[in-house]
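Participant: Pasting in a structure now, in structure tokens, and then I'll have a few things to ask.
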Amino acid sequence: MRGKKLATVLGTVMLAGSLLLAGCSSSATNGGNKQSGNTIKIGGNFELSGAAAAYGQAMQRGTELAVSQINKDGGVKVNGKKLKLQLVQKDNKSDNSQVASVASNLATQSKVVASVGPITSGADLAALPNYTKAKVPLITPGGTQDSLTVQKNGKVQPYMFRSCFEDSYQGKALAKYVYSNMKLKRVAILADKSTDYAQGLTKAFKKEFKGQVVQVQYYQAGDKDFNTLLTKLKGKKFDALFVPGYYSEAGLIVKQARQMGITQPIVGADGFADPKLVQIAGKKNASNIYYTTHFDSKATNNAKATAYMKAYKAKYNEQAGTFDALAYDATYMIKDAIENEKSADSTKIATGLANLKNFKGVTGTITMDKKHNPQKPVIIAKVENGEEVQATSVK
Amino acid sequence: MHTVLQQLVNGLSLGSIYALLALGYTMVYGIIKLINFAHGDIYMLGAFWGYYVINQWHFSFWPALISAMIFCALAGVIIEYLAYRPLRNSPRIAALITAIGVSFLLENGMSYLFSSNVRSFPQAIAVKQYHLGSVTISNIQLLILVVSIVLMILLQLIIKETKMGKAMRAVSVDADAAQLIGINIDRTISFTFALGSALAGAAGVLIGLYYNSIDPLMGMTPGIKAFVAAVLGGIGLIPGAALGGFVIGLIETAVQALGFSAFKDAVVYAVLILILLVRPAGILGKNVKEKV
Amino acid sequence: MKKNLKYNLTWLAIMVVGYILIDVLELVGVIDQFAETTLVLIGINIILATGLNLIIGFSGQFSLGHAGFMAIGAYTSALITQAIPNGGGMVLGLIAGMALSALVALVVGIPTLRLNGDYLAIATMGVAEIIRIIMNNLKITNGPAGLYNIPQLANWSVVYLFVCLTTILIVNFIHSRDGRAVMSVREDEIAAESMGVNITKWKVIAFVLGAATAAIGGALHASYIQTIAPNDFGIMESINILIIVVMGGIGSITGTYVAAIVLGLLDMVLQNFGTLRMVLYSLALILIMVFKPSGLLGTWEFSVRRIFTKFKAKGDA
Amino acid sequence: MTLLDVKGLTKNFGGLTAVSDVSMHLDDNELVALIGPNGAGKTTLFNLLTGVIVPSEGTVTLQADAGLEVLNKKKPYTIAQAGLARTFQNIRLFKGLSVEDNVLIAMTSKNKEGFLESIFRLPSFYKKEDELHQQVLDLLKIFDMQDDADKLAKNLPYGAQRRLEIVRALATKPKILFLDEPAAGMNPEETADLTRLIRQIQEEFHITILLIEHDMSLVMNVAERIYVLEYGQLIAEGTPEEVQKDPKVIKAYLGGEA
């Protein structure tokens, strides 16, 4: 009896206490973070260690490059004043609990007015509640999941933005391209089962593709040996192989498929769009590859992209990839939003990002749609012998 | 039919990689009963060593392989000396946590120094495909298969025939008694780590060459798989590790070939659990009853 | 009888004072949103680690599969609270999650708990991986994307309450007939059996109880973070919980608290070190284990009774 | 009255027969010794009787309150619950636990504390705990160990550890107590104390005791009946006087043609 009583007493006291105090603590008005002084603090919620570190570090490099260029060019113009950007970056070790913790750290301790990252959809979803509470916009270079920017009730998430494509947008574009432009009717799919990115792409592709999906097989991120799956596919009749996944595994799939004598075109999404794809696959093997990309690395039609790639190479001594470019654009999108709204307060930046129009980034000219997804042309690149030979813009 | 044969080759080739890693795991476990979580990361170090000496110093394949084995042997000995030796008389679980710490340190230290990027491993040997009837096998697959079998036989010889091997067996049965009859325990354990880590180094270069992609986290998954392989075969036993490696390679291949690729790892673990229920000390392990 | 009442009331007072202290600190602004997040994460880790300590530290069974049971609790309660987004749903979700997790632990535990040491570790790790892979493939769990927009019904008060309840549950269990039987299994299985202790039964009971508390931790995690995915419950998560248990001292609940708090604060500070974060963390881990192999507190426990006895001794002297 | 009846008990380990066709009986409230040279299979026989090892052949039956109970092939804990308790030759205390906990654990199966009762710390829990605590102290008192209740078992001196093993076994409220070399490693003085104690507990608790012992002075002093085991077989049975004169026994102990 006493034990039960104890529990009851305990519960009641706590409940009473929390009610009493909750009233006071929540009464503090929250209008988002205000900018003050001569700097604008933006946050970096980066995967610098852990499983997604390779992508997170790319995001870090792109953001850092953007910040240093903005500051070199004089900073951000707000009401006639030129303010410097300050990047406050923290590592979330690719762990969703830490993502949430970093988000609240950035939003409430560092008082940043906007955040770049985290990079994956799952992490974005974990970060979002804390950013939303603090009314700080978050812009992700890699969270592609369709429903990321939408609330449960169908309304748009007010503080969630992305600089990348959403899965269905890319998946649809690829399905159309394979069927209409390449005129291929039978597709086999080899998809990464461990990421929502690949699952979203697979779903969208299957829905849109008018031809036949011959077979779907799965692998896990981190797998290195695809011989078995490819041997299985080799026996099937198909015209193209669609590989929704990232370059680290896709490079190996291309390599092993070509060595095995699978000569059909291999199609991928922007997870392919990294110079490391060709490095891993080997130049000889990287032929007859098609993938969506955010910038045409031939860069004949985009001076910004050329300049970016040069600057990136100069600073980091390696070729630019997709995630760094998207993070670079995300940072510049924040700058544009501030300048358009003439204020660096976090709520204003959110408005600015939502109303972004014809923003000229290295990954294309971007206009935000109602659901905070960037509208920009999908470019499909073709690679032969490790070199990009052709780039087609599709809608 | 030819697909079945080809898949068998695929399975053996994958299995030989697990076996190669499991050998080192099982040796260290056999002697000090430590799950050396960092073993997979030593394999990563070997791969990175190979990457640098081939790229920077233009080593050819064999010197790269042998230097990687030496480098990893040294790394293994140093790690044992600094991190595991102070814990030799502590609870085994404390040593396990230290091993996990070392694993984190190697992964993240490399990531800090060289970034987490995936790199392509230099092709020190050109890939050749051999076609035997309808079955295709590459020279590198054969190389890995042969090297892992040769190393396994070599290890068995070292353990059964040499003086050091005898010392290793003595220490593994009863370290205190071994010391009484004049065996230098520290040296024996150092030697075991050197041997096991050299194997991991060899695996790093071979697998780097085979898959052509290396990164600081590359040791994590294969490390755990190799551990599973070692346990499956009967941990502490050299033939057990090899057997476990091949069994897992073949199971993974079979599951994928049958079209359940999404459940590949789940099936491996399910088989592992079932085998352990029937044979609680692994396929080749003997279940030693406690004397009352 | 009176003495026991005194001890229990002291414990109750400690819990209530702790709660009020945190609330007041929050009110005056010492604890902000970020510190609160840190506190909640520490609380959830305490719940998870005390459960694992029961399995590893007290029953002596080496389980590496705690994240699997955490996942069951997280998914079950997330699905239920998505359908019933209020306190009732939360309670129902918790109960259902604990029940399901306990059931799975029972089914898995009966055959596997016959295994010894490292073999059991790898088998339980396998079970957790199988659970994760199933979550990764089921439709209801939404595959690799996991569940999101989970209503945030767990705030820090709820987590605090459950930290207290879980600790009361586990500590009271340990200091009773059942707990002693469980500990005898750890100490010497053969002797325990010869004293009439059904070792399989007690191993399974400890395992099931640990799994049920893991489900509480998982449910609170899901509700607080508001999103879960199969990758949150991988081998690394099990290892992280294991690290808390071993670092605190195997078989010391107080140690688990200390380690969870130390590591939680470390996590909070290390966020600022970027890529170096995990390097520093791993160094700290290695150094602590090398210099304190039996954990920060060994098997030492904080005891109100001992303090009272001490005071009394002093008073008498 | 025969309390425990053993018929044709045999244990083969691979090709080796450790215990061969042993038949014996223990009567109510009797003190019996089991002797034999090293390696004769005495401890194996104990392990067979207490279920630690499963016999290859033979039966063990106990005259329980509810009639005859077959014990062979049962798990050790059921055998213990049926009333057979033991000590171990190589001490097997719960070393990391207190002396009191060691004894309390032996009371587990007789202790009816419920799960919810202890989780919620109901008054009945405290009542039962207090009663148990008293019982433990009473038991410890017999062995003059009441002051050690809070010490860890591993911190006790050797002789005290041996005694604690006996207390722990007694705490299961056994019908038969098996003592495996209780005097091993003790000096003559301690052995004498122990001898007195064994007698005392047999009388006080009205239980049957089967004793393995090498110390002949102890055996001849306390045993009412003696079984002699050699190479896994019973070679003699009888009172101490009979056994001492038995030529087979003399031969087994002295070897050769004597």
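Participant: Identify the residue in the range C:280-317 that is touching a residue at least 24 places away in the same chain (Cβ under 8 Å) and among the aliphatic types (A, V, I, L, M) and, among all such residues, is surrounded by the most Cβ atoms within 10 Å (Cβ to Cβ).
Facilitator: C:Met289
Participant: Across the range B:1-55, which residue is farthest from B:Gly244 (Cα to Cα) among those that are out of contact with any strand residue (DSSP E or B) (no Cβ under 8 Å at 6 or more places or on another chain), polar (S, T, N, Q) and part of a helix (DSSP H, G or I)?
Facilitator: The residue in question is B:Asn55.
Participant: Of all residues in the range D:131-152, which are over 16 Å from D:Ala106 (Cα atoms) and surrounded by fewer than 14 Cβ atoms within 10 Å (Cβ to Cβ)?
Facilitator: Hits for the range D:131-152 are D:Lys141, D:Asp144, D:Asp147, D:Asp150.
Participant: Let me ask something additional. Select from the range C:1-32 the residues that are within 9 Å of chain A (Cβ to nearest Cβ) and either surrounded by 18 or more Cβ atoms within 10 Å (Cβ to Cβ) or closer than 16 Å to C:Arg305 by Cβ (or both) and list them in ascending order.
Facilitator: Scanning the range C:1-32 gives C:Asn4, C:Leu5, C:Asn8, C:Leu9, C:Trp11, C:Leu12, C:Met15, C:Tyr19, C:Asp23, C:Glu26.
Participant: Please tell me if D:Ile119 is closer than 28 Å to D:Gln63 by Cα and of a type outside the set (S, T, N, Q).
Facilitator: No.
Participant: Additional query: Restricted to the range A:325-358, and to residues that are hydrophobic (A, V, I, L, M, F, W, C) and not in a helix (DSSP H, G or I), which residue is surrounded by the fewest Cβ atoms within 10 Å (Cβ to Cβ)?
Facilitator: That would be A:Leu356.
Participant: I've got another one for you. Go through the residues of the range C:226-245 one by one and say whether even a single one is farther than 22 Å from C:Asn136 by Cα, more than 8 Å from every other protein chain (Cβ to nearest Cβ) and either in a helix (DSSP H, G or I) or open to solvent by less than 10 Å² (accessible area, probe 1.4 Å) (or both).
Facilitator: Yes.
Participant: Would you kindly identify the strands (runs of 3 or more DSSP E) lying entirely within the range A:65-136 that contain at least 1 residues that are open to solvent by 30 Å² or more (accessible area, probe 1.4 Å)?
Facilitator: Of the strands (runs of 3 or more DSSP E) lying wholly inside the range A:65-136, those with at least 1 residues that are open to solvent by 30 Å² or more (accessible area, probe 1.4 Å) span A:76-78, A:81-91.
Participant: Hey, can you tell me all the residues within the range B:85-96 that are in a helix (DSSP H, G or I) and at the interface with chain C (Cβ under 7 Å from one of its Cβ atoms)?
Facilitator: Scanning the range B:85-96 gives B:Pro86, B:Leu87, B:Ile93, B:Ala94.
Participant: For the range C:138-163, enumerate the residues that are at the interface with another protein chain (Cβ under 7 Å from one of its Cβ atoms) and open to solvent by less than 40 Å² (accessible area, probe 1.4 Å).
Facilitator: Within the range C:138-163, C:Gly143, C:Pro144, C:Ala145, C:Gly146, C:Ser157 meet the criteria.
Participant: Pick from the range C:55-82 the residues that are farther than 15 Å from C:Val108 by Cβ and of a type in the set (A, V, I, L, M): which of them is surrounded by the most Cβ atoms within 10 Å (Cβ to Cβ)?
Facilitator: C:Ala74
Every residue, every condition in (1) within 14 Å of chain C (Cβ to nearest Cβ); (2) closer than 27 Å to B:Ile185 by Cα; (3) of a type in the set (A, V, I, L, M, F, W, C); (4) touching a Lys or Arg at 6+ places or on another chain (Cβ under 8 Å), yes or no:
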residue: B:Leu5; (1), (2), (3), (4): no, no, yes, no
residue: B:Asn10; (1), (2), (3), (4): no, no, no, no
residue: B:Leu14; (1), (2), (3), (4): no, no, yes, no
residue: B:Gly24; (1), (2), (3), (4): no, yes, no, no
residue: B:Ile70; (1), (2), (3), (4): no, yes, yes, no
residue: B:Ala73; (1), (2), (3), (4): no, yes, yes, no
residue: B:Gly76; (1), (2), (3), (4): no, yes, no, no
residue: B:Ile79; (1), (2), (3), (4): yes, yes, yes, no
residue: B:Thr98; (1), (2), (3), (4): yes, yes, no, no
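Participant: Take C:Ala259 and tell me if it is crowded, with 24+ Cβ neighbours inside 10 Å and more than 14 Å from chain B (Cβ to nearest Cβ).
Facilitator: The answer is no for C:Ala259.
Participant: Still on this model: Which count do you get for residues in the range B:123-173 that are modelled with pLDDT of 90 or more and part of a loop (DSSP other than H, G, I, E, B)?
Facilitator: The qualifying residues number 1.
Participant: Contact list please: Cβ distance under 6 Å, first residue in the range B:108-122 and away from chain C (no Cβ under 14 Å), second residue among the polar types (S, T, N, Q) and buried (at least 23 other Cβ atoms within 10 Å of the Cβ), pairs at least six apart or on different chains.
Facilitator: Qualifying pairs under 6 Å: B:Val118/A:Ser248; B:Val118/B:Ser213; B:Ser120/B:Asn212; B:Phe121/B:Asn212.
Participant: Filter the range C:92-117 down to the residues that are open to solvent by less than 10 Å² (accessible area, probe 1.4 Å) and without any contact (Cβ under 8 Å) to a residue 60 or more places away in the chain, then identify the one that is nearest to C:Ala67 (Cα to Cα).
Facilitator: This residue is C:Thr112.
Participant: Evaluate the range A:312-324: report whether one residue or more is out of contact with any helix residue (DSSP H, G or I) (no Cβ under 8 Å at 6 or more places or on another chain), of a type in the set (D, E, K, R), assigned to a helix (DSSP H, G or I) and modelled with pLDDT under 95.
Facilitator: Yes, the range A:312-324 contains at least one residue that is out of contact with any helix residue (DSSP H, G or I) (no Cβ under 8 Å at 6 or more places or on another chain), of a type in the set (D, E, K, R), assigned to a helix (DSSP H, G or I) and modelled with pLDDT under 95.
Participant: Then there is this: In the set C:Leu276, C:Leu265, which member is without any contact (Cβ under 8 Å) to a residue 60 or more places away in the chain, over 13 Å from the mean Cα position of the chain (by Cα) and open to solvent by 30 Å² or more (accessible area, probe 1.4 Å)?
Facilitator: The conditions single out C:Leu276.
Participant: Conditions: (1) on the phi > 0 side of the Ramachandran plot; (2) in contact (Cβ under 8 Å) with a residue 40 or more places away in the chain. C:Asn142 meets all but one. Number of the miss?
Facilitator: Answer for C:Asn142: the failing condition is (2).
Participant: Right, something else. Can you name the number of the only condition in (1) under 22 Å from D:Thr2 (Cα atoms); (2) surrounded by fewer than 20 Cβ atoms within 10 Å (Cβ to Cβ) that D:Leu45 fails?
Facilitator: Just one mismatch for D:Leu45, condition (2).
Participant: Report, ordered by the first and then the second residue, all pairs with beta carbons closer than 6 Å, sequence separation of six or more or different chains, a first member in the range A:127-149 that is on the phi > 0 side of the Ramachandran plot, and a second member that is of a type outside the set (Ser, Thr, Tyr).
Facilitator: Note: pairs meeting the criteria are A:Lys135/A:Gly32.
Participant: Moving on. Taking only pairs six or more apart or across chains, which ones have beta-carbon atoms under 8 Å, a first residue in the range A:180-202 that is on the phi > 0 side of the Ramachandran plot, and a second residue that is assigned to a strand (DSSP E or B) and open to solvent by 10 Å² or more (accessible area, probe 1.4 Å)?
Facilitator: none
Participant: Which residues, counting only those in the range A:361-376, are out of contact with any His (no Cβ under 9 Å at 6 or more places or on another chain) and open to solvent by less than 50 Å² (accessible area, probe 1.4 Å)?
Facilitator: Answer for the range A:361-376, where residues must be out of contact with any His (no Cβ under 9 Å at 6 or more places or on another chain) and open to solvent by less than 50 Å² (accessible area, probe 1.4 Å): A:Ile366, A:Thr367, A:Met368, A:Asp369, A:His372, A:Asn373, A:Pro374.
Participant: Of everything in the range A:187-213, what is in contact with an Asp or Glu (Cβ under 7 Å, 6 or more places away or on another chain) and either within 10 Å of another protein chain (Cβ to nearest Cβ) or surrounded by fewer than 16 Cβ atoms within 10 Å (Cβ to Cβ) (or both)? Give them in sequence order.
Facilitator: Passing the criteria: A:Asp192, A:Tyr197, A:Ala198, A:Gly200.
Participant: Scan the range C:175-197 for residues that are open to solvent by 10 Å² or more (accessible area, probe 1.4 Å) and either in contact (Cβ under 8 Å) with a residue 12 or more places away in the chain or part of a helix (DSSP H, G or I) (or both) and report the count.
Facilitator: Total satisfying the criteria: 8.
Participant: Still on this structure, I have one more. Quick one: would you say D:Val228 is surrounded by 13 or more Cβ atoms within 10 Å (Cβ to Cβ), under 25 Å from D:Leu9 (Cα atoms), at pLDDT 90 or above and among the β-branched types (Val, Ile, Thr)?
Facilitator: yes
The values are calculated or read from the model by the stated rules, or taken from the named source; none is laboratory data. On a predicted model such as this, the values are computed, not experimentally measured, just so you know. Cβ atoms come from the backbone with ideal geometry, glycine included; neighbour counts cover every protein chain shown. The area values use the complete protein model at the heavy-atom level, side chains included, leaving out ligands, DNA and RNA. Shrake-Rupley method; radii C 1.70, N 1.55, O 1.52, S 1.80 Å.
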